[in-house]
Number of protein chains: 2
Amino acid sequence: MSKSIVALSGGIGGAKLATGLAQICNSEELVIIANTGDDFEHFGLKVCPDIDTLIYTLAGVNNSEMGWGRDGETWSFMAAMSELGGDTWFNLGDKDLAQNVLRTTQLHSGKSLSEVSEYLAGQLGVSVQIIPMSDETVSTTIETADGMIEFQQYFVRDQCKPVVKDIVFRGIEVARPAPKFLDLLNSDDVAAFVICPSNPYLSIDPMLSLPGVRDGLRNNNAPVIAVSPIVCGDSLKGPTAKIMAELGVPCSATQIAEHYKGLIDGLIIDSSDAALSEDISSMSISVKNVNTVMYSQEDRAALARGVLDFAKQLA
Amino acid sequence: MSKSIVALSGGIGGAKLATGLAQICNSEELVIIANTGDDFEHFGLKVCPDIDTLIYTLAGVNNSEMGWGRDGETWSFMAAMSELGGDTWFNLGDKDLAQNVLRTTQLHSGKSLSEVSEYLAGQLGVSVQIIPMSDETVSTTIETADGMIEFQQYFVRDQCKPVVKDIVFRGIEVARPAPKFLDLLNSDDVAAFVICPSNPYLSIDPMLSLPGVRDGLRNNNAPVIAVSPIVCGDSLKGPTAKIMAELGVPCSATQIAEHYKGLIDGLIIDSSDAALSEDISSMSISVKNVNTVMYSQEDRAALARGVLDFAKQLA
């Protein structure tokens with residue numbers, strides 16, 4: 001069996017590259033580590049947005065129009081919830097609800113989040129392994145001018161409008177990487193660790209902040225490659241650029257290199273940012289310029305191929 | 001303010017008479033006590049079939065085709081649950097799910113079932129009071145030849161096929177009638193207690209078996225009137241007749257009188273059963289013959305009028 005490709009991913013942007021990797025890797029080679037800092041409890045249900053985005057996208061049942069949730073979704077639950085005066089700021093589609101209800105039931109019965117995620121992915125026909133970063137709860141919390149708010153309140157309820165002063169991963173000190181993630185960090189059979197073009201602060205940092213993960217990545221012989229989520233000084237989707245401005249850092253691929261400096265061996269930046277290559281190389285980070293904007297399945301596979309070629313080059 | 005009419009009701013049959021009473025009573029006069037022995041936990045949710053049938057029916061949002069659940073219901077949740085390999089023997093519609101999720105959330109936040117039921121009924125525009133028989137859990141359990149099974153497993157999963165040897169109300173010894181139910185039992189302001197034409201064994205007995213309820217009904221000056229769910233030796237709906245046969249008792253309105261003997265002052269039986277009046281009267285139970293089969297809203301109101309006239313006569 002070939003060595004594993006281990007991709008660290010948040011939601012939408014990461015899931016695009018993950019599907020690209022899934023197209024060109026054998027399913028047993030590819031492992032996706034999902035951010036769970038966005039997870040929260042809503043209506044007593046354990047909601048895991050990034051895990052589910054990855055499962056739905058890799059299963060091909062994601063809702064590409066909305067950019068999240070399931071295809072062919074219906075909304076009767078939310079309509080009735082509104083009629084009953086319940087909370088409606090977080091949309092849970094009727095089909096998506098089944099995923100969340102079943103996950104919650106299985107967690108209550110004593111299964112780990114790793115086990116439940118594997119089960120749910122399997123039921124939807126996903127053969128690639130999707131592993132939560134941790135089986136313990138880590139809650140991304142946003143410090144704003146008006147105080148601390150939970151990630152989903154910031155992201156969904158408040159539509160990323162509050163100014164971010166700091167980002168805190170509650171529970172991170174006592175959380176452990178999920179067993180399979182830990183095994184991979186300590187394994188000689190990894191071909192590359194790939195940091196997907198997800199939000200570094202909200203989606204990737206929770207994973208890197210888990211005890212042992214940075215050291216594990218540094219000590220592992222496999223190259224660590226990141227794909228910049230910043231193209232031409234802006235984020236393609238989501239609040240990355242806005243957050244970088246609020247945190248007082250320049251919004252550029254160079255800053256992404258700065259952020260991951262000391263951890264990554266290589267950074268893939270968009271061809272349009274080729275002029276930044278020299279600055280990034282000066283941080284002892286190898287640079288590769290390719291098209292990183294993924295509109296089509298072909299774009300995703302092409303970027304994935306670029307990542308794997310780069311990994312071989314750096315191995 | 002007039003005295004209260006207090007109706008003890010199970011699901012569908014009881015809800016029909018309850019809507020009849022709601023048509024002719026002022027809403028502040030009418031109180032429905034709902035059986036909660038059928039309640040159970042499913043997918044971690046507190047499901048209360050009789051409370052919800054009463055709320056939906058009185059709100060006019062019940063599904064009259066199915067005979068249970070909500071109108072205009074959709075089934076995406078169940079379809080996705082099936083796809084995910086979860087339990088599908090108990091159907092929860094997408095809109096119905098909102099009712100169950102919100103109830104569960106509110107119960108977990110510390111509200112009583114009485115408070116939650118009042119809230120949910122109010123949100124759907126029901127002004128009549130619907131009170132659970134108890135805020136504590138009582139679980140109707142069926143002893144069959146193959147052992148004990150939970151009520152919903154018997155009723156829904158096994159479609160009432162197992163032979164009933166006994167019916168046990170687990171938790172009944174330590175449950176108390178809900179505070180408002182207890183107040184009514186001890187009140188001088190009740191015009192009549194009405195036992196709806198629900199299944200005596202499955203829907204009414206749980207209420208009567210709560211500590212203090214039989215004594216409360218006997219000691220209260222208000223007349224207690226039952227409406228027979230048996231017409232011409234058969235039950236109109238549900239497993240009443242089948243259960244009576246399995247319990248070794250004749251299936252007749254006379255047997256209903258026998259069952260409630262010592263508790264009720266009057267029994268309303270269907271006109272077609274008029275020949276049984278003498279036998280029933282010999283048990284010191286007054287009898288009234290009317291049409292008890294409710295096809296239309298007019299039938300419901302007419303039976304309700306018959307009940308209230310009978311109550312005045314017996315007061």
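Taking into account only those residues within segment A:62-85 that are in a loop (DSSP other than H, G, I, E, B) and of a type in the set (A, V, I, L, M, F, W, C), which is nearest to the other protein chains (Cβ to nearest Cβ)? By that ranking, first place goes to A:L84. Mind checking which pairs have a first residue in segment A:86-103 that is more than 7 Å from chain B (Cβ to nearest Cβ) and a second that is surrounded by fewer than 24 Cβ atoms within 10 Å (Cβ to Cβ) and basic (K, R), Cβ under 6 Å, 6 or more apart or different chains? Cβ pairs passing all conditions: A:W89/A:R157; A:R103/A:K46. For segment A:68-79, the count of residues that are at pLDDT below 95 and of a type in the set (A, V, I, L, M, F, W, C) is at least one.
Check whether at least one residue in segment B:140-157 is buried (at least 18 other Cβ atoms within 10 Å of the Cβ), touching a helix residue (DSSP H, G or I) at 6+ places or on another chain (Cβ under 6 Å) and either within 14 Å of another protein chain (Cβ to nearest Cβ) or within 20 Å of B:G44 (Cα to Cα) (or both), and report yes or no. Checking segment B:140-157: at least one residue is buried (at least 18 other Cβ atoms within 10 Å of the Cβ), touching a helix residue (DSSP H, G or I) at 6+ places or on another chain (Cβ under 6 Å) and either within 14 Å of another protein chain (Cβ to nearest Cβ) or within 20 Å of B:G44 (Cα to Cα) (or both). Flag set for A:V287, criterion: at pLDDT 95 or above, among the β-branched types (V, I, T) and not in a helix (DSSP H, G or I). Answer yes if at least one residue in segment A:179-194 is closer than 24 Å to A:N91 by Cα, in contact with a helix residue (DSSP H, G or I) (Cβ under 6 Å, 6 or more places away or on another chain) and surrounded by 19 or more Cβ atoms within 10 Å (Cβ to Cβ), and no otherwise. No: segment A:179-194 contains no residue that is closer than 24 Å to A:N91 by Cα, in contact with a helix residue (DSSP H, G or I) (Cβ under 6 Å, 6 or more places away or on another chain) and surrounded by 19 or more Cβ atoms within 10 Å (Cβ to Cβ).
Scanning segment A:215-246 for residues that are part of a strand (DSSP E or B) and free of Cβ contacts under 8 Å to residues at least 24 places away in the same chain yields a single hit, A:D234. Considering (1) closer than 19 Å to A:A18 by Cα; (2) assigned to a helix (DSSP H, G or I); (3) out of contact with any strand residue (DSSP E or B) (no Cβ under 8 Å at 6 or more places or on another chain), the lone condition that A:Y295 does not fulfil carries the number (2). Comparison of A:K165, A:K261 shows that the only residue that is under 20 Å from A:E143 (Cα atoms), in contact (Cβ under 8 Å) with a residue 24 or more places away in the chain and charged (D, E, K, R) is A:K165.
Restricting segment A:120-138 to residues that are within 12 Å of chain B (Cβ to nearest Cβ) and closer than 22 Å to A:M207 by Cα, the residue that is surrounded by the fewest Cβ atoms within 10 Å (Cβ to Cβ) is A:A121. For segment B:93-103, the count of residues that are modelled with pLDDT under 95 and either among the β-branched types (V, I, T) or over 13 Å from the mean Cα position of the chain (by Cα) (or both) is zero. Meeting the requirement of 3 or more residues that are under 16 Å from the mean Cα position of the chain (by Cα), the strands (runs of 3 or more DSSP E) wholly within segment A:117-212 are A:129-132, A:190-195. Comparison of B:S2, B:S9 shows that the only residue that is surrounded by fewer than 24 Cβ atoms within 10 Å (Cβ to Cβ) and either farther than 17 Å from B:L120 by Cα or of a type in the set (S, T, Y) (or both) is B:S2. Residue count for segment B:300-314, restricted to those that are buried (at least 16 other Cβ atoms within 10 Å of the Cβ) and out of contact with any Asp or Glu (no Cβ under 6 Å at 6 or more places or on another chain): 10.
Residues in segment B:28-59 that are outside any helix (DSSP H, G or I) and either in contact (Cβ under 8 Å) with a residue 24 or more places away in the chain or surrounded by 24 or more Cβ atoms within 10 Å (Cβ to Cβ) (or both): 20 in all.
Return a yes/no flag: does segment B:105-115 have any residue that is at the interface with chain A (Cβ under 8 Å from one of its Cβ atoms) and either farther than 30 Å from A:V126 by Cβ or assigned to a helix (DSSP H, G or I) (or both). Yes, the conditions are met somewhere in segment B:105-115.
Can you find a residue that is assigned to a strand (DSSP E or B), modelled with pLDDT of 95 or more and in contact with a Pro (Cβ under 7 Å, 6 or more places away or on another chain) anywhere in segment A:266-280? Yes; the residues of segment A:266-280 include at least one that is assigned to a strand (DSSP E or B), modelled with pLDDT of 95 or more and in contact with a Pro (Cβ under 7 Å, 6 or more places away or on another chain). Residue check: A:V249 meets all listed conditions (1) buried (at least 16 other Cβ atoms within 10 Å of the Cβ); (2) not in a strand (DSSP E or B) but one, namely (1).
The values are calculated or read from the model by the stated rules, or taken from the named source; none is laboratory data. Here the structure is a predicted model, which means the values were calculated and not measured. Using ideal geometry, Cβ is built from the backbone for each residue, glycine included, and neighbour counts are taken over all protein chains shown.
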